[in-house]
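Every number here is computed from the coordinates shown, using simple stated rules; none is lab data. If you're wondering where the values come from, they're calculated on a predicted model, not measured in any experiment. Here the Cβ is made from the backbone with ideal geometry for all residues, glycine too, and neighbour counts use every protein chain on show.
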Amino acid sequence: MSKKDLDWANIGFTYMPTDMRYVANYKDGEWGEGTMTADSNVVINECAGILQYCQECFEGLKAYTTEDGSIVTFRPDLNADRMIDSAKRLEMPAFPKERFLEAVDEVVKANADWVPPFGSGATLYIRPYMFASGPVIGVKPSDEYQFRMFCTPVGPYFKGGAKPLTLCVSDFDRAAPHGTGHVKAGLNYAMSLHANVTAHAAGYDENVFLDPATRTYVEETGGANFLFVDKEGNIVIPKSDSILPSITRRSLVYVAEHYLGLKVTERKVALAELGDFAEAGLCGTAAVISPVGKIVNHGEEICFPSGMDEMGPVTKKLYETLTGIQMGTIEAPEGWIRKIV
């Protein structure tokens, strides 16, 4: 196996087509046999359900080269479970868990030369997704679907280190009460794009979305969960039925409790109490933890004591421990690491 001749430290966090991807089709009530293909194009009917009524869900995970040269993925079983939950909520046929895991293995093996080397700061991002491919003109679920999975090498999410972010409290809602905020569906992200562009135009890095019912509690940003550290060094996680259940967040909670001996509390977090926390971070697949230095609520600045220069000490320890587990320098809990090559 020889790696592609790329400047791994400078490839950026953008799409780069790789050699092979996986495709499986659902028709006549069952999933057909999946196949690998070199064709990166998707051809569908003009009346396909994805185009007419946005019936689609997706996942995101990574493959890593560990210190001993192995290629592994991190907790892909949880991605499979979450995609099944998303599909059920959107009236789509669930793609079987074992087939999902087999597809991850096949895609990574077929593109092993694209997995960045250990220590480069880069990883192989894997994108499984499913969409309604059958024609639908009336408002109803499609009868046909396609499951696909591709991968692309990505550089570190933050160039030159994780500089604390400045967020703004959004005037928009990310999800409706009793809606689809808890599933990983493309429609949720489409809803957040205008809010994101508006925030970026005003000079902010991201939005803080509040609960859609009362607009008094913090939920998440457009693409990441929140994690707060109180002044005693313990972790506080916002609780809501419309928050996406982040796999990274769940992993960080375990690390906090079982590796670092920290107390973790999951509860509603009021906007009014943000000034009581010592640190704040956003957690997700892309950056693991992105530190937050300041949140602006319509002119009122909420500054965290951890500051605007670097990660706070607790956030940094969480980041270093979880990335160490992913990269093989720290022993992982049983079942967290799936070795592929």
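Quick one: length gained pulling Glu46 to Met16 fully straight, 0.36 nm per residue minus the C-alpha distance?
So the extension gain works out to 8.2 nm.
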Report task. Based on alpha-carbon positions alone, could you give the equivalent ellipsoid semi-axes of the stretch 1-144 from the gyration tensor, as √(5λ), descending, whole Å? Result -> 31, 16, 13
Report summary line: Per the 1/(1 + (r/R0)^6) rule, R0 = 22 Å and r from the Cβ atoms of Thr329 and Arg250, FRET efficiency to 0.05 is 0.55
Query - If the convex hull is drawn through the Cα atoms of the stretch 102-211, its volume per residue in Å³ - result: 172 Å³
Query - the chain: proportion of alpha-carbon pairs further apart than 31 angstrom, % - result: 35 percent
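Over the chain, what is the relative contact order in whole percent, taking alpha-carbon pairs under 8 Å and six or more residues apart?
Details: 736 pairs, mean separation 66.2, N = 341.
Over the chain, the number comes to 19 percent.
Efficiency by 1/(1 + (r/R0)^6): what FRET value for Thr37 and Ile137, r their Cβ-Cβ distance, R0 = 35 Å, to the nearest 0.05?
On the way: r = 29 Å, r/R0 = 0.83.
The formula returns an efficiency of 0.75 here.
Reported to two decimal places, what Rg/Rh ratio describes the stretch 223-303 when computed on Cα atoms with Rh from the Kirkwood expression? Can you show the working numbers first?
Numbers: Rg = 12.5 Å, Rh = 13.1 Å.
Radius of gyration over Kirkwood radius for the stretch 223-303 works out to 0.95.
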Report task. In whole Å, largest first, what are the principal axis extents of the Cα atoms in the stretch 189-330? Result -> 41, 31, 31
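How long are the three semi-axes of the equivalent ellipsoid for the stretch 76-138, computed from the Cα gyration tensor as the root of 5 times each eigenvalue, in whole Å, largest first?
Working: eigenvalues 166, 35, 24 Å².
Calculated on Cα positions only, the semi-axes equal 29, 13, 11 Å.
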